[in-house]
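This report concerns only the one structure given below.
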Amino acid sequence: MKHRRRLVVYICAVVTLHVTGIVVFAAMTPIRWQDLVTFGALLACGGVCIEATRRLGMPAGVSRDLLSAWWLPVAFLLPPLYALLTPIPLQILIQKRVRQTVLHRRVFSGAAIGLSGGVTSVVFHATVSEPSALDGGSAAPIAAALACALLFSLINTPLIGVAAYMANHDIRWREVLWDRESAILDVVELCVGTIVAILCSISIFLLVLALPPVMLLQRSLLHAQLQAAARTDPKTGLLNVAAWQREAETEIVRARRTGENFALLLIDIDHFKQVNDRHGHLVGDQVLVEVAATLRGQLREYDLVGRFGGEEFVVLLPHTDPGEARQVAERLRRRVGRMSVPVEEGMVRVTVSTGVAFGGVHGDDLLTLLAAADLALYQAKALGRDRVCLPAPRRPGPAEMTHADEHRRGRGEHHGRTAARSHGPAMASQDRLKGC
């Protein structure tokens, strides 16, 4: 709850600063019709880009676009008031025409962009006495524009990143700030925005030539993000089953070719149905989100983690020997056990049971490893839950098999694993490691 209060205070502070900046600069900025025409033309180009990508949609969460190609020229060519105002109509258009989201997120995004643009505009006008100098092709004003475009990114990205981190402390800073991909996109954005500003300073009619390539770039960028979104589970943000299976099979083939160790973890939230029955499915969904974030935050960047369906998660650990895999599984179990989700009547805490299978020990293909990890997971459940187990060195008796089958039917996965499980006990019998 304390983190939520801090997030609310932070959002309110950013929005208040944005509104204050608008009020202050509105009182000291003379209104000129030339500025209004330029402002309207750049807003119209941004609106056309939004409409052109409306059928594609926009990925949920923090998504990237090239709308900075239009508000960076506003920051360079017009007084700071217009840079503060630019995101407001464009964010309203996105909310109405592309994808609706909770209002406070849209307001915060507009405020963060507006503050970044306002500061950028103030710095640029303090550096370049006459913005029209951009049309002369001189090195100094163009260099100042590029530097200020970089400043826009250095302000806007942390403003958004801090809010994302406050909302989820298990996320890595590099996921909300810069990685290689986002840094490349920032460079593209600042270059495109600077080029559009130069064209607009030469003649406002040149925006007609700038609009089609910017639209094409934005559609390509959104299409790539939507393709990436199709690989992820919409509720947790992890890889979905199909994407995880494809990447896991590729990694297993590579590990077999190079002779490297790898391990597979099958993780199940204990008594998850009771959470849904007692607190409702919204709380259950939040538990899934928090567990997914905890797993992702505790694993290496190249580990493959996905949602396997229901309350189950699956992890492939490349370059990991059996001892390291057991340590990782225990660390994840302890970390999830310390996690809590706030509800009206207190906190919801959950535990997880984990089955571990090792490449080359329990199998060499994905289905066999999943079957072995599934048997180990069933053993962890049977022994009281909240523990990590390896595959049992014996075939379960008829009664145990019946209970295991009922357990899998309850998770909706029995049919998909029956064929694979026929190899599991045979491989488990060769296991020289003990179970729980």
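Where a number appears in this text, it was derived from the coordinates with a stated rule and is not lab data. All of these numbers come straight from a predicted model, not from anything done at the bench. All Cβ positions, glycine included, derive from the backbone under ideal geometry; neighbour counts span all protein chains shown.
Using DSSP to define loop residues, name the trypsin sites (Lys or Arg not before Pro) in region 26-125 whose beta-carbon has at most 15 other beta-carbon atoms within 10 Å.
Details: sites: Arg32, Arg54, Arg55, Arg64, Lys96, Arg97, Arg99, Arg105, Arg106; in loops: Arg32, Arg54, Arg55, Arg64, Arg99.
Filter output for region 26-125: Arg32, Arg54, Arg55, Arg99.
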### Label zone at Met347 (point 7 Å along Cα-to-Cβ), backbone N below 17 Å, region 1-41
1-6
### Message
Quick check on region 70-166: take the gyration tensor over C-alpha atoms, sort the square-rooted eigenvalues as a ≥ b ≥ c, and tell me if it's rounded (a/c under 1.5), prolate or oblate.
### Response
prolate
### Query
Amide H of Val348: which non-local residues (sequence gap of 5 or more, or other chain) have their own amide H closer than 5 Å, using H built in the peptide plane?
Val341, Val343
### Query
Can you list the residues, at least 5 places off or on another chain, whose amide H is less than 5 Å from the amide H of Leu239, using H built in the peptide plane?
Asp233, Val305, Arg307
### Whole-Hz couplings from phi, Karplus 6.51/-1.76/1.60, listed for region 257-271; x for Gly and Pro
5, 8, x, 7, 6, 7, 9, 10, 10, 10, 10, 10, 6, 6, 6
### Summary
If the label point sits 7 Å along Cα→Cβ of Ala27, residues of region 81-113 with amide N under 18 Å come out as 81-82, 84-85
